[in-house]
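The values are calculated or read from the model by the stated rules, or taken from the named source; none is laboratory data. Just so we're clear, the structure is a prediction, and the values are computed from it rather than from any experiment. Note that we place each Cβ from the backbone using ideal geometry, even for glycine, and neighbour counts take in every protein chain shown.
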Amino acid sequence: MQSSQRYLHIAVATPLRRTFSYLPPTGIADEQLQPGQRLWVPFGRQRRVGMLLGLSDHTDVAAAKLKPVQGLIDDTPLFTGAQLDLLKWASDYYQHPIGEVIATCLPAELRHGKAATISATYGWQYAAGDPARRPDRRAPRQAELLALFEQQPEAVLTASDLSAAGHDNCHGPLRALAERGWIRRARVDAPQAAPAELETPLPLNAAQQVALEAISASLGGYRTHLLDGVTGSGKTEVYLQSVAEVLARGQQALILLPEIGLTPQLVRRFERRFGTRLGVLHSGLTDSDRANTWLRARAGEVDVVLGTRSAVWTPLAHPGLIIVDEEHDLSYKQQDGFRYHARDVAIMRGHRESLPVVLGSATPALESLHNADQDRYTHLSLPQRAGSARSPAVHVLDIRQSHMHGAIADRFMNMLRDNLAAGRQSLLFLNRRGYAPVVMCHDCGWKAECRRCETTMTYHHGRARLACHHCGREQPRPSTCPDCQGTLIEVGHGTERLEETLAKQLPDARIIRIDRDSTRGRGNLEALLESAHGGAADILVGTQMLAKGHHFPGVSLVGILEADGGLFSSDFRALEHLAQLIVQVSGRAGRAEHPGEVVIQTHHPEHALLRTLTEHGYGAFAQAALREREQLELPPYSYLALLRAEAKQLQHVSQFLEQARDCLPRQAEVYALGPVPAPRPRRAGFQRQQLLLQAGDRTHLRRILGNWLQDVEQLTSSKKVRWSIDVDPQELG
């Protein structure tokens, strides 16, 4: 329909894959309307927040049916044109509705219509309280916080400052200290001064210098660099000196991290080097703090933004550099809703905004190594540990004939005793939380299973409950077998049981366990990591939370207790993920003056993965894996999209996926595999299947998906299932 009337095309957070047309608000000139502004719009019977994407003189909807916008929220756009283009690209590439994409990328307060104004920042300041009301050992978090305030009595510490110091989610202890008169609320009137003495840059070795020069030479334009450095090789120092050059140009840097637990550690490094103009973004902050930091970055009031996955969308007034630390980590891939990959978004953002992007890892993803081999990325290698530290000696321990102390072989237990006697730390990695993965009847074979998922439930001794790690269902552990009243036994080992075994065998050892159970409380993770870094433990026990990038200078012995779990998975990426995990865990050993040792316990010591890793390293494994992927036409030599569906009735799932497969155009360039049961075919009472699409050309797959999903949405069978599309899936589960 054509007319002289102007129409507004607005994105609203809804599952519908389209924008919506509206009439301009009354009394607002066209010149006041710019793409990137938020507006209040009528949507059904609701008043919703929308984002203006464009104005035009045509619409596909009859003008008589259109409603006017109810009002402007922003006088100026929240996003620049380049940033809006990135959001549109992400919506198109990941096949997700543009309104939901934008909503995901906005802080919650802005998503709900709060004005985009930087609010006055308040924090807490030391106030000498009544010594009689000083917190004691029964309130350890209050005592830790008070010590922090006493160290800098003139400073006003904000939530971001406290987070950087390892104190997230500490509202309760802060209120208690205020009630005792030891701290008071205070306003931060201006950015605080940098510390009087900043840390000086460390000297670089030759490889680090080459990497820094390559990154520096690319400032001002787009280039992706793969910083491939062994654990402990000084990648962080290269980051710091690269950021220093960016700040000297009056620009900002964005640093992405895979885990909240890594944030305080890196923030402290950046604060010691650059001062206080840092912004931290992760899920542990309040909505208000996240929105304020986001807006300060947009206004140029923050020099460096450090954050987890969603920080990749943070607008920067003067962008200069993006760094993705531990770029291989699966945490960068969103596993529900808008399934974007933050690493890949960062690369596209760099391309669109003419920024260099640095991908850092000791175990790069095979896709990243392939792109470096194809000269799409600059491959920067740091082959040696920095300083005097040496790479650890790695031993593969065949446990088939070993006497076992629970999950620990006798030989390794003796090594732990020797390390304890020498006053050094040990780290034990077991990627299974809880006490035991199976509870069964010794008499009749009954097993505790989740009736919603048809999988065994894990026993958690600390709370005496059985838990399903797939759907979250919990129930008390029965005292006897429900079928025959026989004796129940626990089979297998989790981190709880491992901690118990160590306490029995090494009663004098101080043990810290770090897993999802021990870190559930607010601030627990930060407190445990602080204790571990400070040498308050002789033995660290944990899951992969403990393996990701942490620097434990006292650890000289590392044990990987059950390395066999990923050796025989049906997921073609499983060996890559296992290799990365083994190398990352091994890298925690010997990072200071003491040489490190790593013990890998296995029932399959001759497995090619273990032999290649221990004898030739991760690079040799990666090249062999890439050759195999090429022969099998698997990524990065092809491109995938996974259509998942679930419903209470299996026939509804099968019918939907079969009809979806039949909607595909009959072209040889895209292959449909399935439908097949998902690796976990039942979860939370839903039957689950999936359809895998494979193509040799990324552009062709992208074009096919757009048209195909429109047809899939129109299927009657789609109304009987819950379905989602995952482009570039990292896990096929």
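Take Cys468 and decide whether it is without any contact (Cβ under 8 Å) to a residue 40 or more places away in the chain, of a type outside the set (Phe, Trp, Tyr), more than 26 Å from Gly172 (Cβ to Cβ) and crowded, with 16+ Cβ neighbours inside 10 Å.
Yes.
Could you list, in sequence order, the residues of segment 266-292 that are part of a helix (DSSP H, G or I), over 19 Å from the mean Cα position of the chain (by Cα) and of a type outside the set (D, E, K, R)?
Selection gives Phe270, Phe274, Ser288, Ala291, Asn292.
Among the listed residues Val345, Val280, which satisfies the condition of being among the hydrophobic types (A, V, I, L, M, F, W, C) and closer than 30 Å to Leu578 by Cα?
Val345
Give segment 307-324 a look and list any residue that's out of contact with any Asp or Glu (no Cβ under 7 Å at 6 or more places or on another chain) and either not in a loop (DSSP other than H, G, I, E, B) or not assigned by TED's automatic domain parsing to the domain that holds Asn292 (or both), or say none.
Correct list: Gly307, Arg309, Ser310, Ala311, Val312, Trp313, Gly320, Leu321, Ile322, Ile323, Val324.
Looking at the structure I just gave you, is Gly360 among the small types (Gly, Ala, Ser), in a loop (DSSP other than H, G, I, E, B) and outside the structural domain of Leu540 (by TED's automatic domain parsing)?
Working: among the small types (Gly, Ala, Ser): yes; in a loop (DSSP other than H, G, I, E, B): no; outside the structural domain of Leu540 (by TED's automatic domain parsing): yes.
Against the criterion (among the small types (Gly, Ala, Ser), in a loop (DSSP other than H, G, I, E, B) and outside the structural domain of Leu540 (by TED's automatic domain parsing)), Gly360 does not qualify.
Tally the residues that are under 24 Å from the mean Cα position of the chain (by Cα) and among the basic types (Lys, Arg), restricting the search to segment 208-264. If you could, list the steps in order and put the result at the bottom.
Here is the first cut: in segment 208-264, the residues under 24 Å from the mean Cα position of the chain (by Cα) are 223-240, 242-243, 252-264.
When the remaining residues are screened for being among the basic types (Lys, Arg), the result is 223, 235.
Number of matching residues: 2.
Show the residue pairs meeting these rules: Cβ distance below 9 Å; 6+ apart or different chains; first residue within segment 53-68 and of a type outside the set (Ser, Thr, Tyr); second residue surrounded by fewer than 12 Cβ atoms within 10 Å (Cβ to Cβ) and part of a helix (DSSP H, G or I).
Here the result reads Leu55/Asp30, each pair linking segment 53-68 to a residue that is surrounded by fewer than 12 Cβ atoms within 10 Å (Cβ to Cβ) and part of a helix (DSSP H, G or I).
Is there a residue in segment 31-51 that is aliphatic (A, V, I, L, M), under 29 Å from Val712 (Cβ atoms), touching a residue at least 60 places away in the same chain (Cβ under 8 Å) and not in a strand (DSSP E or B)?
No, segment 31-51 contains no residue that is aliphatic (A, V, I, L, M), under 29 Å from Val712 (Cβ atoms), touching a residue at least 60 places away in the same chain (Cβ under 8 Å) and not in a strand (DSSP E or B).
From the set of residues in segment 700-716 that are in contact with a strand residue (DSSP E or B) (Cβ under 9 Å, 6 or more places away or on another chain) and not basic (Lys, Arg), which is farthest from Lys88 (Cα to Cα)?
Here the residue is Val712.
Find all pairs meeting these conditions: Cβ atoms under 7 angstrom apart; at least six residues apart or on different chains; first residue within segment 286-297 and in contact (Cβ under 8 Å) with a residue 40 or more places away in the chain; second residue of a type in the set (A, V, I, L, M, F, W, C) and in a helix (DSSP H, G or I).
Thr286/Ala159; Asp287/Ala108; Asp289/Ala159; Ala291/Leu110
Can you pull out the residues in segment 6-27 that are within 30 Å of the chain's Cα centre (by Cα) and basic (Lys, Arg)?
Listed by number, the residues that qualify are Arg17, Arg18.
Among the listed residues Arg573, Arg611, which satisfies the condition of being surrounded by fewer than 22 Cβ atoms within 10 Å (Cβ to Cβ), in contact with an Asp or Glu (Cβ under 8 Å, 6 or more places away or on another chain) and among the basic types (Lys, Arg)?
Arg573
Condition check: at pLDDT 95 or above and assigned to a loop (DSSP other than H, G, I, E, B). Does Cys471 satisfy that?
Taking the combined requirement at face value, the residue does not satisfy it.
Which is in contact with a Pro (Cβ under 7 Å, 6 or more places away or on another chain) and over 19 Å from Arg18 (Cβ atoms), of Pro77, Pro97?
Of the residues listed, the single one that is in contact with a Pro (Cβ under 7 Å, 6 or more places away or on another chain) and over 19 Å from Arg18 (Cβ atoms) is Pro77.
Here are Ile98, Ile102: which of them is over 22 Å from the mean Cα position of the chain (by Cα), outside the structural domain of His700 (by TED's automatic domain parsing) and under 30 Å from Arg644 (Cβ atoms)?
Ile98
Are any of the residues in segment 687-699 touching a His at 6+ places or on another chain (Cβ under 9 Å) and modelled with pLDDT under 95?
Checked segment 687-699: at least one residue is touching a His at 6+ places or on another chain (Cβ under 9 Å) and modelled with pLDDT under 95.
Of the conditions (1) surrounded by fewer than 18 Cβ atoms within 10 Å (Cβ to Cβ); (2) in contact (Cβ under 8 Å) with a residue 24 or more places away in the chain; (3) not acidic (Asp, Glu), Met413 clears all except one; give me its number.
In the conditions (1) surrounded by fewer than 18 Cβ atoms within 10 Å (Cβ to Cβ); (2) in contact (Cβ under 8 Å) with a residue 24 or more places away in the chain; (3) not acidic (Asp, Glu), Met413 misses (1) alone.
Just need a number here: residues in segment 564-578 that are more than 16 Å from Met545 (Cα to Cα) and touching a residue at least 40 places away in the same chain (Cβ under 8 Å).
Selection size over segment 564-578: 9.
Step by step: first the residues of segment 487-543, then only those that are surrounded by fewer than 16 Cβ atoms within 10 Å (Cβ to Cβ) and closer than 18 Å to Gly565 by Cβ, then the one that is modelled with the lowest pLDDT. Which residue is that?
It comes out as Arg516.
Report every pair of residues separated by at least 6 positions or lying on different chains whose Cβ atoms are under 6 Å apart, first residue within segment 335-346 and within 14 Å of Pro258 (Cα to Cα), second of a type in the set (Phe, Trp, Tyr) and not in a loop (DSSP other than H, G, I, E, B).
His341/Tyr332; Ala342/Tyr332; Arg343/Tyr332
Could you tell me whether segment 312-326 includes any residue that is within 21 Å of the chain's Cα centre (by Cα), over 22 Å from Gly275 (Cα atoms) and surrounded by fewer than 23 Cβ atoms within 10 Å (Cβ to Cβ)?
Among the residues of segment 312-326, not one is within 21 Å of the chain's Cα centre (by Cα), over 22 Å from Gly275 (Cα atoms) and surrounded by fewer than 23 Cβ atoms within 10 Å (Cβ to Cβ), which makes the answer no.
State which residue pairs qualify: first residue free of Cβ contacts under 8 Å to residues at least 60 places away in the same chain and inside segment 712-733, second residue surrounded by 15 or more Cβ atoms within 10 Å (Cβ to Cβ) in any location, beta carbons under 7 Å apart, and separation of 6 or more residues or different chains.
Leu715/Phe656; Leu715/Gln659; Leu715/Ala660
List the residue pairs whose Cβ atoms are under 9 Å apart, where the first residue sits in segment 438-456 and is in contact (Cβ under 8 Å) with a residue 40 or more places away in the chain and buried (at least 17 other Cβ atoms within 10 Å of the Cβ), the second is assigned to a loop (DSSP other than H, G, I, E, B) and of a type in the set (Ser, Thr, Tyr), and the two are 6 or more positions apart or on different chains.
Cys441/Thr480; Cys441/Thr487
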